Amino acid sequence: MRYYYDLVFIKNKTSLSKAINEKHYHKILAPTHVKNITIPFSLEKRNIDKISICIENNYATARRKIEKGECDLLLNPTSIFYNHPLDYVFIKLASENNVAFGFLISDFVSISNENILRKYILKTNKIIQLSKKYDVKIIVGSGAKKYKDIRYSRDLAGFYYLLDEDLHHSLKAISENYEFLIKKLKVRIKRIAPGIYEGEENAKTQHER
C-alpha cells in the first residue's frame, strides 16, 4: 500500500486530523516548531528520532552543513542556485550524505513576478534532473501554515509533475521519498490524534525502554 504524505507548519491538531480525513493523506508531517535547527516530526506511530531541516539561501553555508552531516532535508534548494551556477558537486555531496531535497508549494505561490517564477521553475527542473541522476530523494509538500493552504495529495503530485513531467517520480515525491526520511528517525513518539503522532525530544526508544 502506498502512503501519501505532506509537510506543513501547523501545530493545531484539529486541522491536522481534518487534513488527513479530507485531503486524502495517510500521514501529515508537521515540525513542532519552525526554525533552521533539528526538528522533531509528527508522523505515523513508530520509533523515531529527530531530523535536521535546513533552510538556506547561501551556497557555502548549505554545502558545509551537508558535508558535516548537519542536514537531512534541505528545503527549497532553488533559492541557493537561483543566482548561482548549478553545481553537480553539491548534488553529489547531498547524495553521499543521504540528504533529501524538499520543494514546497508555498515557496512558489509567493512569487508574483511571472518572469521570476518561470526562471524559478526552470532552475528547479535542472536541480531535479541532477538529483535523479545522483539519486537524491525529492519530496514535495504544501508548506502550509494554515489549514486552508494544505493541498490535496493529487495537487502535490501535480505540482511535482509541473516541475519534472515525470508521473512515477511525482508519486514517489509524496510517498516513498518521505519514507526515506522517516527511516532515519529513532525516538519515541506519542499519539496526539488519529493518524497524528508527535516526536518527543530526547526521548528513549522503545528498545531502550
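Here, each number is a calculation from the coordinates, and none is a lab measurement. Note that this is a predicted model, so its numbers are computed, not measured. Because the Cβ atoms are built from the backbone with ideal geometry, glycine has one as well, and the counts that use them run over all protein chains shown.
What net charge is computed for the residues neighbouring Asp135, neighbours being all others with C-beta under 12 Å from the C-beta of Asp135, Lys and Arg scored +1, Asp and Glu -1?
Within the 12 Å Cβ shell, the charges total +4.
For a quick check: with amide H placed at 1.01 Å from N, whose amide H comes under 5 Å from Ala100's, ignoring anything fewer than 5 positions away on the same chain?
Long-range HN contacts for Ala100: Leu73, Leu74.
State which entries of Lys68/Lys133; Lys18/Lys123; Lys11/Lys119; Lys65/Lys133 exceed 25 angstrom in Cα-Cα distance in the structure shown.
The pairs that break the limit, which is 25 Å between Cα atoms, are Lys18/Lys123; Lys11/Lys119.
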